Amino acid sequence: GWAVWAQGYGGRTPLGGSWHWPQIGPRERLIHEVLERIPPGASVSAPTTLAPHLSQRERIYLFPTRRDAEYVVLDRRASTYPVGTAEYQAAVARTLESGCFIRLADREGVLLLRRAGPYASSVSSERNCAARSARLSGSE
């Protein structure tokens, strides 16, 4: 009774009077295009805003965790949860400066990286990248 009435009166569901279907604009299309560039079987590191779109994968990591991720996809305009903005930006900078990834796309804050060079297939690739990142940031 009351729950249905409350939704009809002011709820934000299809039953409510203020419900509007989500709009798909140019930015959402751009994000979709970038995500389609990631091969279906590839492991990925992504933020909480993009991870649900990649959830069917066997290995997906919540950025800034990269482990053995072959790809990193980021939306620099979205929430940085579960880390703070400064930590997130530092992790993005370390990832870009590490030399372990190459940039495949970088448009309107949407960034797609692929693991590169000697780090692409090495079992210890993330350890090597982490060590290189630590040296770059002076935290080793």
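The values are calculated or read from the model by the stated rules, or taken from the named source; none is laboratory data. Everything numeric in this text was worked out from a predicted model, so none of it was measured. Here the Cβ is made from the backbone with ideal geometry for all residues, glycine too, and neighbour counts use every protein chain on show.
Looking across segment 95-106, the residues that are at pLDDT 95 or above and among the charged types (D, E, K, R) come down to ARG103, ASP106.
For segment 22-37, a residue qualifies if it is in contact (Cβ under 8 Å) with a residue 40 or more places away in the chain and either surrounded by 15 or more Cβ atoms within 10 Å (Cβ to Cβ) or touching a His at 6+ places or on another chain (Cβ under 8 Å) (or both), and the qualifying residues are LEU30, ILE31, VAL34. In the set (1) assigned to a loop (DSSP other than H, G, I, E, B); (2) more than 14 Å from the chain's Cα centre (by Cα), ARG29 fails one condition alone, (1).
Please verify whether ALA120 is surrounded by 18 or more Cβ atoms within 10 Å (Cβ to Cβ) and either modelled with pLDDT of 55 or more or touching a Gly at 6+ places or on another chain (Cβ under 6 Å) (or both), treating the condition exactly as stated.
Details: surrounded by 18 or more Cβ atoms within 10 Å (Cβ to Cβ): no; either modelled with pLDDT of 55 or more or touching a Gly at 6+ places or on another chain (Cβ under 6 Å) (or both): yes.
In short, no.
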